[in-house]
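Engineer: Have a look at the structure that comes next, please.
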Amino acid sequence: MVAGGRAQPGRRRLPPVADRCRCGVAQSPPSAAWRSPDQDRRSSGRRLTAVLLALAASLSWGVGDFIGGFKTRRLGAFAVLFVSQPPTLLLIAAIVIIRGVPIAPGPWIVAGVVAGLVGLVGLSAAYRGMAIGVVSVVSTIAATGPVVPIIVGLLLGERPSVLQFGGIVVTLAG
């Protein structure tokens, strides 16, 4: 951070918004001023894996949303959520137990609960929208959700490459 009005050696200042909110973003050397904090450690293989995982997530969410929206027309949003969400929680709990993931108490638990609840509200809104509206229109509008983390990432100092930025624009444009 800043000591006596000057930046400490070997550390870069956070963007003004991140500096004010003290978001706990890891800082990297000044030479990496326009890269994410751990980008220097990523190999091209890991970047490809990240892209493949993102594509798998997109396909999974698309199929899940289609099935959920389709079933919501007959059963209602709350019935579909009641049937679909508990197995997800059980699966995640089993993975945590099997892998021995340590769960230390802390403020992250509250953030996780809030994120889960907000996600549940969004999912129920998307299902209900698909049940009463045109699925292609509702799902396209609901798919603009990534704009929020993109803006937050940019405010926290992440700078996508030109190719990555082009991919973001094409993806959001549909």
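Taken together, the values in this text are just the output of simple stated rules run on the coordinates, not laboratory data. Please read these numbers as outputs of a predicted model, since none were measured by experiment. Here Cβ is always computed from backbone atoms with ideal geometry, including for glycine, and neighbour counts include all displayed protein chains.
Engineer: Starting at the first residue of the range 83-93, write each ³J(HN,Hα) from the Karplus equation 6.51 cos²θ - 1.76 cosθ + 1.60 with θ = phi - 60°, in whole Hz, x for Gly and Pro.
Structural biologist: These are the phi-based 3J(HN,Hα) values: 7, 8, 7, x, x, 5, 4, 5, 5, 5, 4 Hz.
Engineer: If we sort 130-137, 160-167 on the protection proxy, mean other Cβ atoms within 10 Å, highest first, what's the order?
Structural biologist: 130-137, 160-167
Engineer: Given axes a ≥ b ≥ c from the Cα gyration tensor, I'd like to know whether the range 65-159 is rounded (a/c under 1.5), prolate (a/b larger than b/c) or oblate.
Structural biologist: oblate
Engineer: Please give the FRET efficiency for residue 60 paired with residue 159, using the beta carbon to beta carbon distance and R0 = 41 Å, rounded to the nearest 0.05.
Structural biologist: Using R0 = 41 Å, I get an efficiency of 0.90.
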